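The structure appears right after this line, and notes come after that.
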Amino acid sequence: MGVALVTGGSRGIGKATSLLLAQHGYKVVVNYFRNKQAAEEVVNKIVANGGEALALRADIADELQVMAMFAEIDNAFGPLTALVNNAGILFQQSTIENLTADRINRVLATNVTGYFLCCREAVKRMAYRHGGEGGAIVNVSSAAARLGSAGEYVDYAASKGAVDTLTTGLAVEVAAQGIRVNGVRPGFIYTEMHASGGEAGRVDRVKTALPMQRGGQPEEIAEAIFWLLSEKASYVTGTFIDAAGGK
Ligand code: NAP
């Protein structure tokens, strides 16, 4: 089926995506940053179900760590065919008056520079002009890119706006190189990410304001990612799936 890297594949949406891709026959690289045990649990689950997977630690904001991770993937599994840029961060809910340059830069370094670096390394391996056989990239953005996250984390929302622009630009740049690049914009999904913003119960607070009246599950996002990576989406590039319950 191919070799897939899921950044932040150890928890939340990335975990659900890693498990789904493995179920469909991908060899999966489960990238993580801090929580080795969570990544190893995902790998063990995949292997127990007869799949192949590898946990690799790398801070996607660090260029050398990203390059080392891709080199390890080359050695372990051969050329990458699918990249899911998923690892993302946000910090304590705050208005813009209270944002510091350090915080803004940390958000952008992971959510934007990290995505660029992984795209760069993937394109080097997938593009026909580099001797590759093509591939597919899905960038996990957020409905926040459209909505702005006022009073919570406009820095995070802006980082996702940049991710969408990356998706649009890269899709055109590599369309003739056998690589499709698409985005998924989740809405309010039950993961541990909301605790980083200081409100673990955020999805339940906002759910009645959503058209569907409920939050989403990571598995529902994984399905959209899986479809965009698959051959079923062979004529789809440079576009976005909003998976946000109608918001
Ligand atoms: P999550 O549960 O907080 O998990 C984050 C994952 O990213 C973890 O595996 C974490 O690994 C990894 N990670 C964090 N910083 C990293 C770094 N610098 N380098 C490598 N890995 C790193 O997040 P989630 O809710 O599943 O979100 C996944 C993606 O969906 C993000 O891009 C997020 O912006 C987007 N999204 C989420 C929601 C939502 O409601 N949850 C809505 C819209 C969009 P460690 O645990 O090892 O640090």
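The values are calculated or read from the model by the stated rules, or taken from the named source; none is laboratory data. Keep in mind it's a predicted model, so treat the numbers as computed, not measured. Cβ coordinates were reconstructed from backbone atoms using ideal geometry, including for glycine residues, and neighbour counts include every protein chain displayed. The accessibility values were calculated without ligands, DNA or RNA, using every heavy atom of the protein model including side chains. Shrake-Rupley method; radii C 1.70, N 1.55, O 1.52, S 1.80 Å.
Just to be sure, is Arg180 outside any helix (DSSP H, G or I) and under 22 Å from Glu223 (Cβ atoms)?
Considered against the rule, which asks whether it is outside any helix (DSSP H, G or I) and under 22 Å from Glu223 (Cβ atoms), Arg180 comes out as yes.
What do you reckon, is Leu64 over 22 Å from Lys232 (Cβ atoms) and either in contact (Cβ under 8 Å) with a residue 40 or more places away in the chain or buried (at least 24 other Cβ atoms within 10 Å of the Cβ) (or both)?
Criteria not met by Leu64.
Residues being open to solvent by 70 Å² or more (accessible area, probe 1.4 Å), within 13 Å of the ligand (Cβ to nearest atom) and either closer than 15 Å to Ser230 by Cα or assigned to a loop (DSSP other than H, G, I, E, B) (or both): count how many of those fall in segment 1-51.
Looking only at that region, the number is 3.
Of all residues in segment 188-205, how many are open to solvent by 20 Å² or more (accessible area, probe 1.4 Å) and either of a type in the set (A, V, I, L, M, F, W, C) or touching a strand residue (DSSP E or B) at 6+ places or on another chain (Cβ under 9 Å) (or both)?
Looking only at that region, the number is 5.
Being of a type in the set (Gly, Ala, Ser) and either at pLDDT below 95 or exposed (fewer than 15 other Cβ atoms within 10 Å of the Cβ) (or both), is that true of even one residue in segment 153-164?
Within segment 153-164 (the criterion being of a type in the set (Gly, Ala, Ser) and either at pLDDT below 95 or exposed (fewer than 15 other Cβ atoms within 10 Å of the Cβ) (or both)), the answer is no, since none of the residues qualifies.
Assigned to a loop (DSSP other than H, G, I, E, B), at pLDDT 95 or above and buried (at least 17 other Cβ atoms within 10 Å of the Cβ), is that true of Gly132?
Yes: the conditions hold for Gly132.
For segment 167-208, which positions are within 8 Å of the ligand (Cβ to nearest atom), hydroxyl-bearing (Ser, Thr, Tyr) and farther than 30 Å from Arg125 by Cβ?
Residues satisfying the conditions are Tyr190, Ser196.
Of the conditions (1) surrounded by 15 or more Cβ atoms within 10 Å (Cβ to Cβ); (2) more than 10 Å from the ligand (Cβ to nearest atom); (3) in a loop (DSSP other than H, G, I, E, B), Ala150 satisfies every one except a single condition; which number is it?
Condition not satisfied by Ala150: (1).
Would you pick out the residues in segment 209-229 that are more than 12 Å from Leu19 (Cβ to Cβ) and away from the ligand (no atom under 12 Å from the Cβ)?
Ala209, Pro211, Met212, Gln213, Arg214, Trp227, Leu228, Leu229
Condition check ((1) among the small types (Gly, Ala, Ser); (2) farther than 30 Å from Ile73 by Cβ) across all residues:
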| position | (1), (2) |
| --- | --- |
| Tyr153 | no, yes |
| Gly169 | yes, no |
| Arg180 | no, no |
| Thr237 | no, no |
